[in-house]
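> What follows is a structure written as structure tokens; I'll ask about it next.
Readers should treat all values here as calculations from the given coordinates under stated rules, not as data from a laboratory. Just so we're clear, the structure is a prediction, and the values are computed from it rather than from any experiment. FYI the Cβ positions are ideal-geometry reconstructions off the backbone, even for glycines, and counts take in every protein chain you see.
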């Protein structure tokens with residue numbers, strides 16, 4: 001058997017774990033997973049966007065409130081994973097239909113691909129800064145491509161090892177974070193940070209900052225059920241993810257906010273969302289941590305993207321290795337598009353527009369329409385309760401389109417004084433609930449059964465069907 005065949009066989013065996021699983025992880029372990037997951041450079045650098053657009057105190061307040069609001073949605077979706085054993089994209093079959101779920105899956109792959117590009121570029125820019133400072137040689141595109149190539153290799157060969165060491169990288173990151181906070185607030189007082197003049201020409205308001213912070217939570221919610229289905233109970237999943245995500249996001253964004261404000265106070269060249277800006281002040285240790293955190297997180301992003309594509313179709317799926325190679329090649333080519341870094345806020349708005357309605361629909365569908373129970377029909381390739389009309393719930397699709405358009409219009413056409421994310425979520429929530437009341441009344445309350453414990457014969461027959 002060739003090396004390719006042996007690797008393909010091993011990866012196929014690992015990929016089979018995308019079905020319902022019974023979680024065993026404690027509250028502390030789930031909390032550590034979420035703490036490690038979001039202590040990453042993208043969250044850190046998001047904090048560099050806010051000052052001097054708004055004052056330091058306002059930015060910190062919006063970080064806290066936006067993170068808490070986003071954590072509620074993240075934990076609610078994650079809990080569906082805990083109670084059913086299914087990953088996030090598989091759960092969209094319940095509301096969008098067996099075939100309709102392909103739509104959010106495609107959107108998810110596009111978003112994850114964008115994340116992989118952004119993180120590869122950030123790693124490349126960081127390495128380029130170090131190499132240039134030591135040798136004078138500079139090629140950020142080359143280093144971005146090399147970083148993403150390493151990520152693809154790790155995603156294929158070493159994703160399990162990365163998952164094990166990521167919490168230890170988080171501990172290292174926390175040590176560096178503590179050091180940066182000590183340096184910043186012993187060099188300048190909190191009053192000096194607060195006194196940085198606001199530059200209204202940037203066009204930021206507290207509401208815009210709030211929307212960006214919530215959008216960060218939405219971007220992580222696409223993986224919430226993937227992580228939380230491993231929790232041993234709803235309590236462990238909800239509290240672990242809520243506390244872990246909130247702590248990591250507030251710490252990371254506040255670090256970026258503080259480090260960037262420090263650069264401004266020190267008279268440095270303050271370029272938002274540029275790792276070189278803060279690395280220039282805090283040195284190589286921060287650069288190394290940034291690079292390692294990107295490698296760890298981006299490896300899991302690429303692996304999750306491949307898994308989403310491989311398991312999008314119930315009852316039959318693509319092979320893992322060739323799919324990983326194709327998507328990996330696209331991610332490497334995309335890492336040359338450094339201009340995306342200047343459009344990061346627009347990228348977050350895109351994520352928010354696409355997925356805020358999706359998660360509003362999922363929450364309503366599971367907790368209110370289906371009364372907190374999905375049946376083994378969700379594992380079927382054809383027919384059953386989640387087949388709707390030819391496999392698509394057109395109500396969910398229509399509400400999704402309305403919600404996404406609302407978010408876009410309230411952001412770019414008629415800027416809302418209360419932002420776009422919250423109105424889009426509330427509108428999608430209300431419309432889907434009203435439109436699905438009849439569907440709710442047509443079906444009796446189903447018993448709450450973890451899908452890993454559903455009737456074995458039914459599940460086996462369902463997986464054997466080919467649509």
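> Going by C-beta contacts inside 10 Å, put 450, 443 in order with the fewest on the left.
443, 450
> Shifting gears a bit: Could you work out how far helix 320-334 tilts from the main Cα principal axis of the chain, as a 0 to 90 degree angle to the nearest 10?
It works out to around 30 degrees.
> Calculate how steeply helix 56-84 sits against the longest principal axis of the alpha-carbon atoms of the chain, using the helix alpha-carbon long axis, and give the answer as 0 to 90 degrees to the nearest 10.
Taking the Cα atoms of the chain, the angle to 56-84 is about 20 degrees.
> Please list the equivalent ellipsoid semi-axes of the chain, computed as the square roots of five times the alpha-carbon gyration tensor eigenvalues, in descending order and whole angstrom.
37, 26, 19
> For the chain, what does the relative contact order come out to in percent, with C-alpha contacts under 8 Å and a separation of six or more?
Relative contact order for the chain comes out at 31 percent.
> Sticking with this one: Taking neighbour Cβ counts within 10 Å as the exposure measure, how do 129, 303 sort from fewest upward?
Ascending Cβ contact count within 10 Å gives the list 129, 303.
> Ok, one more. Taking only Cα atoms, what is the 0 to 90° angle, nearest 10, from helix 102-135's long axis to the longest principal axis of the chain?
Tilt relative to the chain: about 20 degrees.
> Sticking with this structure for a sec: As a footprinting exposure proxy, order 115, 34 by other Cβ within 10 Å, with the fewest listed first.
115, 34
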